[in-house]
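Worksheet for the structure shown next.
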Amino acid sequence: MSHLSTNAFTAANIAVLTVSDTRDESTDTSGGYLVESLQAAGHQLADKKIVIDDPYKIRAVVSQWIADPTIEVILTTGGTGFTARDTTPEAVSVLFDKQVEGFGEVFRAVSYQEIGSSTIQSRALAGFANNTVIFCMPGSTGACKTAWTNIIAEQINSQHKPCNFMPHVGAK
């Protein structure tokens with residue numbers, strides 16, 4: 001599998017979407033954390049938006065980014081719980097060409113070590129659409145830190161061995 005990693009770092013163009021009925025730029029700590037982390041890792045912020053918990057508004061933004069040939073990775077935060085307004089999985093999963101089943105499984109396994117059985121209330125998921133990898137995380141900053149530091153940072157690092165997602169993104 002060494003052909004799926006490289007010795008050279010390749011910066012990814014990443015878009016960040018916060019799904020929330022209450023947050024704005026001044027209170028969006030989760031989206032802010034993701035922006036700071038991706039930039040600290042050497043990646044480029046392609047776009048950042050906040051939308052309300054509405055499946056059509058979520059799907060519209062994510063669809064636009066999937067169609068954009070410059071965006072390789074999409075990070076969403078929020079809307080993955082079980083309230084009536086939590087619709088991110090339903091909004092985004094229908095756009096996937098392929099689902100990354102392991103993301104949600106590993107996220108919940110790692111999260112269990114931090115928050116115990118409450119992790120089962122997360123419907124975190126990931127998938128590919130039009131050569132764009134999409135990660136949907138819960139809305140808490142802690143959950144975003146868990147996902148970023150334990151899974152996403154490595155999987156969007158072209159140097160991570162034995163393999164990572166970077167050979168599968170871009171070139172739309």
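The values are calculated or read from the model by the stated rules, or taken from the named source; none is laboratory data. Here the structure is a predicted model, which is why all the values come from computation and not from measurement. Cβ sites come from the backbone with ideal geometry, for glycine too, and all protein chains shown count toward neighbours. Surface areas here come from the heavy atoms of the whole protein model, side chains and all, with no ligands, DNA or RNA. Shrake-Rupley method; radii C 1.70, N 1.55, O 1.52, S 1.80 Å.
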field: the stretch 20-80 - charge dipole about Cα centre, Lys and Arg +1 at Cβ, Asp and Glu -1, debye rounded to 20
entry: 120
message: At 1.4 Å probe radius, can you tell me the per residue accessible area of the chain in Å²?
response: 46
field: Normalised contact order of the chain, rounded percent, pairs of Cα under 8 Å and 6 or more residues apart
entry: 31
message: With every protein chain left in place and a probe of 1.4 Å, what is the accessible surface of Lys145, to the nearest 10 Å²?
response: 100
- prompt: Considering only the other residues whose Cβ falls under 13 Å of the Cβ of Met137, what net charge follows from Lys and Arg at +1 and Asp and Glu at -1?
  reply: +2
- prompt: What angle do you read, to the nearest 10 degrees and between 0 and 90, between the alpha-carbon axis of helix 55-67 and the longest principal axis of the chain?
  reply: 10
message: If every alpha-carbon in the stretch 17-81 counts as one equal scatterer, what log10 I(q)/I(0) does Debye give at q = 0.13, 0.15 1/Å?
response: -0.34, -0.46
field: Student exercise, the stretch 1-108 dipole from Lys, Arg, Asp, Glu Cβ charges, in Debye to nearest 20
entry: 100
The stretch 32-165: proportion of alpha-carbon pairs further apart than 22 angstrom, %: 32
query: Given 0.36 nm per residue, what is the gain on full extension from Phe9 to Asp24 after removing their alpha carbon distance, in nm?
result: 2.1 nm
field: Compactness of the stretch 88-149 as Cα Rg over 2.2 N^0.38 Å, two decimals
entry: 1.10
- request: State the percentage of accessible surface on the stretch 1-101 attributable to carbon and sulfur atoms; use a 1.4 Å probe and exclude ligands, DNA and RNA.
  value: 52
query: Within a Cβ distance under 14 Å of Ile52, other residues only, what is the Lys/Arg minus Asp/Glu net charge?
result: -1
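Taking only DSSP H segments of four or more residues, each worth -39500 (n - 2.57), what value at 222 nm results for the chain once the sum is divided by all its residues, to the nearest 500 deg cm²/dmol?
Per the formula, -9000 deg cm²/dmol.
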task: Net charge near Trp148: determine it from the other residues with C-beta under 12 Å of the C-beta of Trp148, scoring Lys and Arg +1 and Asp and Glu -1.
output: -1
